[in-house]
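Participant: Let me begin by handing over the structure; questions about it come next.
All of the numbers you see were taken from the coordinates with simple rules; none came from a lab. For clarity, every value in this text was computed on a predicted model and none was experimentally measured. Cβ: placed from backbone, ideal geometry, glycine included. Neighbour counts: every protein chain shown.
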Amino acid sequence: MVKEKTAIKRLIALISALILTAISVLAPAARAEETEPVVLDTIEILGFTEPAWGAAADFEVSVPEGAHYYVDYTNWFWYIPGGETGMLPSDGAFTLENACYYQEFEIWPEEGYTFADDVLVYINGSAELVDRAVWSLSSPYFLVDTIDFTVHGPAALPGDADLNGEVNVSDALIVMRAAMGLMELEPAALEAADVNASGEADMADAVSILRAAMGLVEL
């Protein structure tokens, strides 16, 4: 009976030793799996296209090959200073004159990686194209906004002081009245009326526009 008890005690001791050995081997491996994520200090966004009047919005961008982050979402937003705001649809185009446009990106780190709080962000290799880069308040990704781009409509037709798309006698009369101080022209109309590039609408412009309306010259 004594021998059996001794054998049992030895068996228990052996099992305990094996368990302790297993713990000592597995614990470092478990701790290794719980290591802190790798911190990324740079984000690069490639393929960004600046907006141009009438052009379709380009939503496609990329990141460098081998980067440990990706663009999960992007969109174009617009606003009229002091007025309306909105978001472009996927088939949208830049057709709101004098609107400010900017593109926004959601940048997600791959598993096992994170971004430094002071991460440097470049768009097409330039930090000057970046207006904002902040952590999202709800998820572990970075929000990146470009600077604002103002899109202007097409230049007015030279001599088309009333901006109706053609040059006629009415344009010459408008410029004549402006030259006499009887009326003021809006900036776009003034640009069209100043055919001699003097910086103002004068009688010489009115005469040139009248001759163009009569088919005698081209502006």
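Participant: Would you pull out the residues with amide H under 5 Å of Y113's amide H, same chain only if 5 or more places away, H placed 1.01 Å from N?
Facilitator: Answer set, sorted by chain and number: V38.
Participant: Here's a follow-up. Using 7 Å Cα-to-Cβ label points, what is the A93/V217 separation (nm, one decimal)?
Facilitator: Reported label-point gap for A93 and V217 is 3.5 nm.
Participant: If you don't mind, there's one more thing I want to ask. Let me make sure I get this right: for region 38-151, a, b and c are the square roots of the gyration tensor eigenvalues over alpha carbons, sorted descending. Under 1.5 in a/c it's rounded, otherwise prolate if a/b > b/c, else oblate. Which is it?
Facilitator: prolate
Participant: Provide W76, W108 in ascending order of the number of other Cβ atoms located within 10 Å of each residue's Cβ, fewest first.
Facilitator: Neighbour counts put them in this order, fewest first: W108, W76.
Participant: Report the gain in length on full extension from Y73 to E186: 0.36 nm times residue separation, minus Cα-Cα distance, nm rounded to one decimal.
Facilitator: 36.6 nm
Participant: With a point put 7 Å past each Cα toward its Cβ, work out how far E60 is from N196 in nm, to one decimal.
Facilitator: It works out to 5.1 nm between the two label points.
Participant: When the chain is fully extended, how far beyond the present Cα-Cα distance does A204 get from S136, taking 0.36 nm per residue of separation?
Facilitator: 18.6 nm
Participant: Under the 0.36 nm per residue contour assumption, what length would be gained going from the current alpha-carbon distance of Y113 and A127 to full extension?
Facilitator: Result: 2.8 nm gained on full extension.
Participant: Calculated FRET efficiency, D148 and E106, Cβ-Cβ r, R0 22 Å, to nearest 0.05?
Facilitator: 0.70
Participant: Still on this structure, I have one more. For each of D117, D205, D148, count neighbouring Cβ atoms within 10 Å of the residue's Cβ, then give the residues from fewest to most.
Facilitator: Taking fewest neighbouring Cβ atoms as first place, the list is D117, D148, D205.
Participant: Could you list E110, E44, E60 so that the one with the fewest beta carbons within 10 Å of its beta carbon is first and the one with the most is last?
Facilitator: Lowest count first: E60, E110, E44.
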